[in-house]
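Colleague: Can you read through this structure? Questions will come right after.
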Amino acid sequence: RQTLLHDAIDENSVVLEIGAGSGLLSIMAAKAGARLVIAIEANHEMAVLAQQIIAANGMSDRICVINKMSTDVHLDELPAVPTILVSEILGTLLLGESALHYVQDARARLIAPRATILPALGTQYVSLIESDEVHQITAVRSWDGIDLRHFNALQDTTSLVFTKQYGFRFSSCA
C-alpha cells in the first residue's frame, strides 16, 4: 500500500478516500505527500474515531473527514477536486461491501476526469466445495421439535456465510 501511495502521490495531489474507517489510509496518503486528503466515512462513530486518530497524528490540517455515504456527497461539498481515489472497502471479499458500486459512483461524480484510482484492479478467487460440515451450518433443520427442512427450498444460493468462528469465510452455493 505504501509503495502504491508513494508512487502515485505528489505535493499537488488531492486524495479522496471512500470508506475511510479509522482514517489509516488517509494518514498514509498525507504522509506520502498529498496536499489534501478528503476522508469520507458513513458511520458516525467511525468518523469521530477517524477524526481523533487523525488529530492524534498531527494531520488535522491536511485531512478533512466527511461523515456521509459517498453516494450522498456532492462535488461542491469537497474543498478541492480529488486527483486520486483510494479505498479499502473490499472487506474480506472483493465484492463484499459493494466496492465496485461506490468506486464507480465516486469516479463518475467526485474526482477529476483522469484521476488515479487505487487499487486499480482486484482479483477474486473461487473454489467449489461440498462439505457435510458446511451444509450443517447453512441449512435449516428444525427448531423446538418443528421440522423446518422445507425452508431449504428457498435457500439463497449466493448467501454470504460468515464463518470466522469456524476458521474460514466463503459464499455458499446450494
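Colleague: Which listed residue (Leu24, Ser70, Ile40) has the Cα farthest towards the positive end of the charge dipole for the range 12-113, taking +1 on Lys and Arg C-beta and -1 on Asp and Glu C-beta about the Cα centre?
Modeller: With unit charges placed on the Cβ atoms, the residue in question is Leu24.
Colleague: If packing is taken as the average count of other Cβ atoms within 10 Å, what order do 10-22, 71-83 fall into, highest mean first?
Modeller: 10-22, 71-83
Colleague: Would you please put 137-145, 102-110 in order of how densely packed they are, using the mean number of other Cβ atoms within 10 angstrom per residue and starting with the highest?
Modeller: Highest mean packing first, the order is 102-110, 137-145.
Colleague: For Tyr125 and Arg109 in one chain, what is 0.36 nm times their gap in residues minus the Cα-Cα distance, to one decimal in nm?
Modeller: 2.7 nm
Colleague: A further question follows. How far is it, in nm, from the label point at Glu45 to the one at Arg149 when both lie 7 Å from their Cα along the line to the Cβ?
Modeller: Going from the Glu45 label point to the Arg149 one covers 4.1 nm.
Rule-based calculations on the coordinates, nothing more; no lab input. Here the structure is a predicted model, which means the values were calculated and not measured. Please note: Cβ atoms are built from the backbone with ideal geometry, for glycine as well, and neighbour counts cover all protein chains shown.
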